[in-house]
1. Using 0.36 nm times the number of residues separating A56 and N16, minus their current alpha carbon distance, what extension gain do you get?
2. For the pair A313/R139, report the inter-label distance in nm, with labels modelled 7 Å from Cα in the Cβ direction.
3. Take the Cβ-Cβ distance between V205 and D108 as r, set R0 to 51 Å, and report the resulting FRET efficiency rounded to the nearest 0.05.
4. Expressed in nm to one decimal, what extension gain is obtained for the pair R124 and D186 from 0.36 nm per residue of sequence separation less their Cα-Cα distance?
5. Choose one answer from V22, V213, V45: the residue with the largest mean-square fluctuation in a GNM of the chain with alpha-carbon springs under 10 Å.
6. Starting from the range 94-189, pick out the GluC sites (Glu not before Pro) whose DSSP state is loop and whose Cβ has at most 15 other Cβ atoms within 10 Å.
7. Based on the Cβ-Cβ distance of Y86 and A257, what FRET efficiency does E = 1/(1 + (r/R0)^6) give at R0 = 41 Å, to the nearest 0.05?
8. Helix 287-326 versus the longest principal axis of the chain: what is the Cα-based angle in degrees, 0 to 90, to the nearest 10?
Amino acid sequence: MSEAVKDVGRSVSDANAPVFDVVVVGGGAAGLSAALVLGRARRRVAVIDDGEPRNAPAEHMQGFLSRNGMSPSALLEVGRAEVAGYGVRFIEGRVGRIDHGYFVQLEDGRVIRARRVVVATGLRDELPDIPGMWERWGRDLLHCPYCHGYEVRDEPLGVLGTHPNAVNHALLLRQWSDDVVYFPHDQEPTEEEREKLAARGVRVVEGTVARLVVEDDRLRGVELAEGSVVARAAVFVMPRMVPRDELLGDLGCERDANGWVVTDRSGRTSVPGVWAVGNVADPRAQVIVAAGMGSAAAFMINLDLVEEEVDEAVEEHRARSAPASSSLLPS
Ligand SMILES: Cc1cc2nc3c(=O)[nH]c(=O)nc-3n(C[C@H](O)[C@H](O)[C@H](O)COP(=O)(O)OP(=O)(O)OC[C@H]3O[C@@H](n4cnc5c(N)ncnc54)[C@H](O)[C@@H]3O)c2cc1C
């Protein structure tokens with residue numbers, strides 16, 4: 001990623017800005033996977049990335065067939081090396097704006113042009129305002145049981161009631177341990193929910209959560225406002241997941257009722273030439289799914305470009321043929 005890109009334009013109006021077939025914004029699993037397939041389709045591709053993948057705090061990435069347990073950074077390193085082998089260019093930096101046409105503008109002022117754009121910028125997790133959250137995030141403060149549940153199986157687990165779906169989160173976690181405590185915090189369970197929690201053996205410990213207790217760089221428990229500490233080895237919380245989709249919004253991409261950008265199955269948005277893949281379009285996409293979304297988009301983007309090139313070739317072919325045939329006409 002450190003390669004200096006010398007042929008990047010300096011302003012939006014820069015006629016010398018280099019033109020790529022496809023610019024991929026975001027070099028996580030989704031973006032790199034799109035770039036790999038497009039590079040192998042012999043497309044001129046640039047990946048622009050500012051180096052903040054969502055799962056960076058986690059030591060291991062689980063659930064990716066053949067890569068289970070690999071570190072998130074190692075996956076990206078291997079992916080970048082593979083993609084670079086097909087001539088894909090990497091540009092470090094943050095894209096601040098995309099103008100129709102497409103002019104992709106980095107925040108430092110550099111500009112490159114693209115015939116098609118893939119936005120693979122992921123999402124931002126917002127955690128509740130409780131002391132200790134960010135320090136433990138991805139380590140022993142977790143959110144996804146499919147990513148980390150197995151590693152804390154049979155341990156004393158806690159679930160924080162800071163999200164409307166927190167009770168279901170606790171009921172789900174019970175699959176991995178029979179010692180699960182639900183802390184209602186600001187999400188008081190209904191009578192029906194209390195019955196479900198009791199029926200599944202999930203203990204409810206009332207009170208407001210004051211902080212996570214950490215000793216020797218390990219989570220020890222959850223402290224309540226009245227001072228008691230409930231010992232826990234790991235705690236689960238549902239973050240608010242906010243798509244990093246400002247670029248798509250500025251381009252005018254349609255959104256659904258929940259505010260997420262609408263795409264078809266290939267990731268194509270409502271704006272021609274613009275695709276959105278990975279967590280920016282689907283908060284549930286794990287790494288393997290995000291990679292699959294990037295791959296699916298690449299197929300359709302290459303097809304879209306081929307169709308455009310065929311149309312252009314036919315026009316040129318007709319233009320070339322026209323004078324020759326008219327010269328055969330009798331004068
Ligand atoms: C703590 C934690 C642990 C996880 N563990 C697992 C796990 O074990 N297994 C699993 O399958 N999933 C796991 N996930 C989910 C995983 O992080 C996502 O599935 C995955 O990151 C989605 O890939 P993506 O390419 O869509 O987004 P990301 O990986 O987030 O990549 C997006 C990239 O775009 C870049 N970017 C954003 N905006 C811009 C911009 N304007 N300009 C340039 N670049 C930009 C970012 O810097 C980033 O590099 C975990 C998530 C978290 C939070």
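Each value in this text was obtained by applying a stated rule to the coordinates, not by laboratory testing. Since this is a predicted model, take the numbers as computed values, not measurements. Please note: Cβ atoms are built from the backbone with ideal geometry, for glycine as well, and neighbour counts cover all protein chains shown.
1. Values: separation 40, 0.36 × 40 = 14.40 nm, distance 3.61 nm.
Additional length available on full extension: 10.8 nm.
2. Result: 5.7 nm between the two label points.
3. Step by step, r from the Cβ atoms, then E = 0.55.
4. Working: separation 62, 0.36 × 62 = 22.32 nm, distance 2.22 nm.
Result for the pair: 20.1 nm of gain on full extension.
5. Result for the chain, Cα springs under 10 Å: V213 fluctuates most.
6. Working: sites: E107, E126, E135, E151; in loops: E107.
Taking the range 94-189 and a limit of 15 other Cβ atoms within 10 Å, the loop GluC sites (Glu not before Pro) found are E107.
7. Working: r = 39 Å, r/R0 = 0.96.
It comes out at approximately 0.55.
8. Helix 287-326 and the main axis of the chain meet at about 10 degrees.
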